[in-house]
Amino acid sequence: MIKCDCHLHSDLSTDGISPMEEEVLRAIDLGLGTLCFTEHNDYGTNPDGSFVVDTDRYYSLFSSLKEKYADRIELLFGIEAGLQPTDGIISYFTDYLKDHPFDFIIGSSHVVKNKDPYYPVFFEDYPDDDSAYRAYFEEELENASIYGDMYDSYGHLDYILRYGRSGNKGFSYEKFADVLDALLKEIIKHGNVIEINTAGFRKGMGQPNPHIDIIRRYRELGGLPPTIGSDAHKTADMAADFERAEQILLEAGFRTYSVFRSRKRYEIDPAG
Ligand SMILES: [Zn+2]
Ligand SMILES: [Zn+2]
């Protein structure tokens, strides 16, 4: 059983709902051994400053909960950094990610050319889903190269498949093999991992993010064990579909999954 949920938002994130302490108590109820909070920091994306967590407040609340529940669960301090290949954002994260005592850093692409595929209007810039998906993967490749080892795990690698007009129906690895191979190799080259993000199941995709074919190929290319996260924004979604994630992990050829503490990677055997 997978006992570490390493992608989680509380109400400190702009779109989070549950308070941190409720999530800690829920994790204890679920029998989790480790919980890693990864609040949003999408610096430079929204002019109103939303989706940038107040990191000092976050750290202070986290620290008090870590101490309070120390004998019941391991709490880890993480962040989900919204990566973009833009000078101001690169220089911001270069300092920010070093200047805080993070256990774990997820690097995620939430936008392409600063536009969010969550909104249908995004797709009007592209003749079809495939060209939008390709633009997304190409920007991830650029990010993976620029941000190097500044992050630990690349978040929900095919996030854009959640929002295309045809969803993930038209996706096949072969269609994007050139850019996806380059992206996976770039991630692996820096000693980073990818995550298995179970939110895809909750979005009705019948797959986690990324698609199992991407996870399989990542393994073939020599990728280290992924991290596992529910990407819950409320207690009800915590550790959701972790049995399916475990099955996919094993099907892709992994025996363990990864957890990061103080930015150092540890491997955990779900059967152990
Ligand atoms: Zn995300
Ligand atoms: Zn997230």
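The values are calculated or read from the model by the stated rules, or taken from the named source; none is laboratory data. Source: prediction; values computed, not measured. Don't worry about glycine lacking a Cβ; one is built from the backbone with ideal geometry, like all the others, and counts go over all protein chains shown. For the accessible areas, the whole protein counts, side chains as well, though only heavy atoms, and no ligand, DNA or RNA atoms are used. Shrake-Rupley method; radii C 1.70, N 1.55, O 1.52, S 1.80 Å.
Data overview
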| item | result |
| --- | --- |
| Residue count for the stretch 37-90, restricted to those that are part of a loop (DSSP other than H, G, I, E, B) and either of a type outside the set (Asp, Glu) or open to solvent by 30 Å² or more (accessible area, probe 1.4 Å) (or both) | 20 |
| Residues of the stretch 3-19 satisfying the condition of being among the aliphatic types (A, V, I, L, M) and within 15 Å of the chain's Cα centre (by Cα) | LEU8 |
| Some residue of the stretch 223-235 being within 15 Å of ligand 2 (Cβ to nearest atom) and at positive phi | yes |
| Any chance ASP15 is within 16 Å of ligand 1 (Cβ to nearest atom) and open to solvent by 20 Å² or more (accessible area, probe 1.4 Å) | yes |
| Odd one out for ASP152 among (1) in contact with a helix residue (DSSP H, G or I) (Cβ under 9 Å, 6 or more places away or on another chain); (2) within 16 Å of ligand 2 (Cβ to nearest atom); (3) not polar (S, T, N, Q) | (1) |
| Entirely in the stretch 112-228, the helices (runs of 4 or more DSSP H) that have 3 or more residues that are open to solvent by 10 Å² or more (accessible area, probe 1.4 Å) | 129-147, 177-189, 212-220 |
| Check on VAL193, among the β-branched types (Val, Ile, Thr) and over 26 Å from HIS9 (Cβ atoms) | no |
| Positions within the stretch 229-272 being more than 15 Å from GLY200 (Cα to Cα), crowded, with 22+ Cβ neighbours inside 10 Å and either of a type in the set (Gly, Ala, Ser) or at pLDDT below 95 (or both), in sequence order | SER258 |
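Okay, residues lined up against (1) on the phi > 0 side of the Ramachandran plot; (2) of a type outside the set (Val, Ile, Thr); (3) away from ligand 1 (no atom under 16 Å from the Cβ):
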{"residue": "ALA132", "(1), (2), (3)": "no, yes, yes"}
{"residue": "ALA135", "(1), (2), (3)": "no, yes, yes"}
{"residue": "MET150", "(1), (2), (3)": "no, yes, yes"}
{"residue": "ILE160", "(1), (2), (3)": "no, no, no"}
{"residue": "ASN168", "(1), (2), (3)": "no, yes, yes"}
{"residue": "LEU180", "(1), (2), (3)": "no, yes, yes"}
{"residue": "LEU184", "(1), (2), (3)": "no, yes, yes"}
{"residue": "PHE201", "(1), (2), (3)": "no, yes, no"}
{"residue": "ARG219", "(1), (2), (3)": "no, yes, yes"}
